[in-house]
1. Between segment 245-275 and segment 225-243, what's the alpha-carbon centroid distance in Å?
2. What distance in nm lies between label points placed 7 Å from Cα along the C-beta direction at Leu159 and Trp187?
3. Where does helix 137-147 land angle-wise versus the long Cα axis of the chain, in degrees 0 to 90, nearest 10?
4. Around Ala152, under 14 Å between beta carbons, what's the net of Lys plus Arg minus Asp minus Glu among the other residues?
5. Write down the accessible area per residue of segment 74-310 in Å², having rolled a 1.4 Å probe over the full set of protein chains.
6. Helix 30-42 against the longest principal axis of the chain: what's the angle in degrees, Cα atoms only, rounded to the nearest 10?
7. Working out 0.36 nm times the residue gap between Glu207 and Leu119, then minus their Cα-Cα distance, what length gain in nm do you get to one decimal?
8. Distance in nm between label sites at Thr69 and Phe277, each 7 Å beyond Cα in the beta-carbon direction?
Amino acid sequence: MTLVTEASPSRRPAGRGPGGARPRRVVDHGAWFLVLPALLPILVLSVGPLLYGILLAFTDAQSGRTEPTQWIGALNFRDLLHDTLFWESFRIGLVWALGVTVPQFLLALGLALLLNQDLRLRWLARALAIIPWAMPEVVVGIMWRLVYNPDAGILNEALRDLGLGGGRDWLSGLATALPAVILVGVWAGMPQTTIALLAGLQNTPRELHEAAAVDGASAWRRFRTVTWPALRPIALAITALNLIWNFNSFALVYVLTSGGPGGRTRLPMLFAYEEAFRYGQFGYAAAMGCVMVAVISIALAVFLAGRLRGGDNA
């Protein structure tokens, strides 16, 4: 009779080779050559200028000087702490970023829900919805300047026809300039958020909605229990990106108001631009940029940590 015996399992720990030695990790150096074409533009166009800007913030670099640039340490940052104009522009920047991002998200969410329905000519509606996103910011700014024109603008003409007055200079009024610019920012950036949310809606299985409808769930309950949990990661990402992009806006506001009237729409990027290219204070403007990057990074980290913690507890 033939006896068949099982081989005893090896007592050698997993991941170890003969003799108990760990296998050497093989590094494929050829992979770096595949990553290099994508890594070089980031290093040259992003990391390099960022490091140079940080270095410049600790100098007294100015335009039109014959003396060599001197290292002055944290003097620019000390002056910046007492610059009330900069902190006022920072406050305006936060109002602008929140004032654009929140309505932008809410309107984009409603539009994405609408475009996700089985509508006639849905393809045409989707194409029309992304038109503002396809237009350059400079073109958008010029177009809305014509809309807000106090003499022949469409807005004032419509108000005159309705008997509500007209002839108001929306971009030059101290009380109306910032709300008028925020409205343009919402209109220009809403398609991008709509596309992201629409993609998330299309990835949500229809079976979940159908099952919830069979169970008698209302439209609001289906949105709260099925749609929103699927959209939450996308909503978190696009909101964070929109906050960064809107806070760092330049071209749109520059074309519309150039920071006026009386600095009511002077965002931090506009303030730094004026210090660097109008007054030639490159070191001081670089210090402004460093402060803006630091503050918005900290605020964004706190925001993301809170949202992610809330998502884990849900």
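The values are calculated or read from the model by the stated rules, or taken from the named source; none is laboratory data. Here the structure is a predicted model, which is why all the values come from computation and not from measurement. No Cβ is skipped: glycine too gets one built from the backbone with ideal geometry, and neighbour counts run over all protein chains shown. These area figures cover heavy atoms from the full protein model, side chains too; ligands, DNA and RNA do not enter into them. Shrake-Rupley method; radii C 1.70, N 1.55, O 1.52, S 1.80 Å.
1. Going from one Cα centre to the other spans 28 Å.
2. Modelled inter-label distance: 1.4 nm.
3. Compared with the principal axis, the helix lies near 40 degrees.
4. On the way: positive: Arg145, Arg160, Arg168; negative: Asp151, Glu157, Asp161, Asp169.
Once positives and negatives cancel, what remains is -1.
5. 54 Å²
6. Its long axis makes an angle of about 10 degrees.
7. Working: separation 88, 0.36 × 88 = 31.68 nm, distance 1.95 nm.
Answer, rounded to one decimal: 29.7 nm.
8. Rounded to a tenth, the inter-label distance reads 1.8 nm.
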